[in-house]
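Here the structure comes first, spelled out in structure tokens, and everything after it is commentary.
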Amino acid sequence: MKRLIAFTVIVTIGIITAAAQSRKPAGTEHTGKAFRFNKVREGIYHAVGTGNLAVVGNSSFIVNDDDVIVIDDHVSPAAAWVLLDEIREVTKKPVTTVINTHFHFDHAHGNQIFDRNVTIIGHEYTRQMLLGNPLEMPLYKGYVTGLPGQLDTLKKRLAAETDPAKQAALRVQIAANQSNQKAQAELRPTPPNVTLTDRMTLYRGSREIQIRYLGRGHTAGDVVVFLPKEKVVMTGDFLTAGLSNMSDSYPDDWVKSLDELKKLDFDVVLPGHGEAFTDKAKIGYFQDYMRDVWTEVSRLKREGVSAEDAAKRADLTKHKEHLPINGPGVPLLGVQRIYALIDQRRP
Ligand SMILES: [Zn+2]
């Protein structure tokens, strides 16, 4: 009997410490809430940054009978730490499982705060990319090397600003940038410790949580998290509320893979950027846009236009009714990606 009691105590301690490393990471300083939690179903939340802390991508979390599952963990160990802090205001249940929708920095760079008892699930490709050299990937490099310049710009704007409300907003952005630079300095990209290539299902009581790979798209290893009973899908950057970056994408495959998403029976999308939405027509709008980006950029390449010029000239403004497009132009990393894909495929 004594032995049983001792065993129970150890197990309990194990659960308490299962959520995160004990040392608080650098750069968690912020005022107010870092996240706004949008409860879309009982126990299902979409976490969107308020701007008080740099978190960049959205996450979601699912509160089950005995545990919590987190989908994506933001731009830094600090952002993930604060996410867990704020989740604890909703539930004291331990986070046992993290799912990475893909390897990008703004979705998977919080992984390092979770201790070894936490299962971090991602596609096999996501693991490979995070084990590789993610700090040298152009998307991340561009982001992190841009932070000091952004800070300078914010400080200059503050010095020139006379409106107290705008000054206060700029001070928040400055503080978030400074915390983020501290956080990025101690980043150690950490890969998933459980991988899948096609699909995996987690069962928690009566809840079924499907992790589905629907084909190449935004990267070669994006997964979506689909709850068939609740009719909710978390899509990461495979489908956002607006445009999605193309730096590691397969735009032509993406259009087909989105057809697979359409086959799932859901009512609510919790995207990796932007607010939750119910309008499934957005999938079609984005497919049309991607098709036209491919056609337009390919055309410019055939005409011998440089990637830099094509990024300015590619005209997708006909999609502005449904997507956030203000004028001609496509992000340079996306154009470079399409140019590289065309070159690779040339016989
Ligand atoms: Zn991404």
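Our summary gives segment 104-184 a relative contact order of 27 percent, counting only alpha carbon pairs under 8 angstrom and 6 or more residues apart. Pairs to check: 231/320; 141/262; 229/256; 33/156; 39/141; 141/166. Give those whose C-alpha atoms are more than 32 Å from each other in this structure. The answer is 141/262; 39/141.
What dipole magnitude, in Debye to the nearest 20, does the chain give about its Cα centre under +1 on Lys/Arg Cβ and -1 on Asp/Glu Cβ? Present the calculation step by step, with values, prior to reporting the outcome.
On the way: 44 positive and 41 negative charges, 93 e Å.
Result for the chain is approximately 440 debye, rounded to the nearest 20.
For helix 281-302, what angle does its Cα long axis make with the longest principal axis of the chain, in degrees from 0 to 90 and rounded to 10? Rounded to the nearest ten degrees, it is 50.
Computed from the C-beta positions of residue 197 and residue 155, the FRET efficiency with R₀ = 51 Å rounds to 0.60. When both segment 264-288 and segment 190-205 are represented by their alpha-carbon centers, they are found 23 Å apart. As a calculated quantity, the FRET efficiency between residue 31 and residue 185 at R0 = 25 Å, using C-beta atoms, amounts to about 0.70. Counted over segment 302-347 with a bin width of 10 Å, the fraction of Cα pairs per bin, in whole percents, is 27, 46, 24, 3. Projected label points at residue 206 and residue 24, each 7 Å from Cα along the beta carbon direction, are separated by 4.0 nanometres.
In a fully extended conformation the segment linking residue 116 and residue 168 would gain 14.7 nm over its present Cα-Cα distance, using 0.36 nm per residue. Normalising the Debye intensity of segment 146-196 to I(0), with uniform scatterers on Cα atoms only, and taking log10 at q = 0.15, 0.21 Å⁻¹ returns -0.52, -0.75. Using the Cβ-Cβ distance between residue 145 and residue 283 with R0 = 45 Å, the FRET efficiency computed as 1/(1 + (r/R0)^6) comes to roughly 0.85. A simple spin-label model places pseudo-atoms 7 Å from Cα toward Cβ; at residue 309 and residue 89 they are separated by 5.3 nm. The Cα atoms of segment 253-347 cover 44, 33, 20 Å along the three principal axes, with the biggest extent listed first. Selection among 143, 172, 272 by position relative to the dipole of the chain gives 172 as farthest towards the positive end (Cβ unit charges, Cα centre).
If N is the number of residues in segment 26-81, what value comes out of its Cα radius of gyration divided by 2.2 N^0.38 Å?
Working: Rg = 11.6 Å, N = 56, 2.2 N^0.38 = 10.2 Å.
Scaled against compact globular proteins, the figure is 1.14.
Normalising the Debye intensity of the chain to I(0), with uniform scatterers on Cα atoms only, and taking log10 at q = 0.06, 0.07, 0.11 Å⁻¹ returns -0.23, -0.31, -0.76.
FYI, it's all coordinate maths here, none of it is from the lab. Worth saying up front: this structure is predicted, and the values here are computed from it rather than measured. Here the Cβ is made from the backbone with ideal geometry for all residues, glycine too, and neighbour counts use every protein chain on show.
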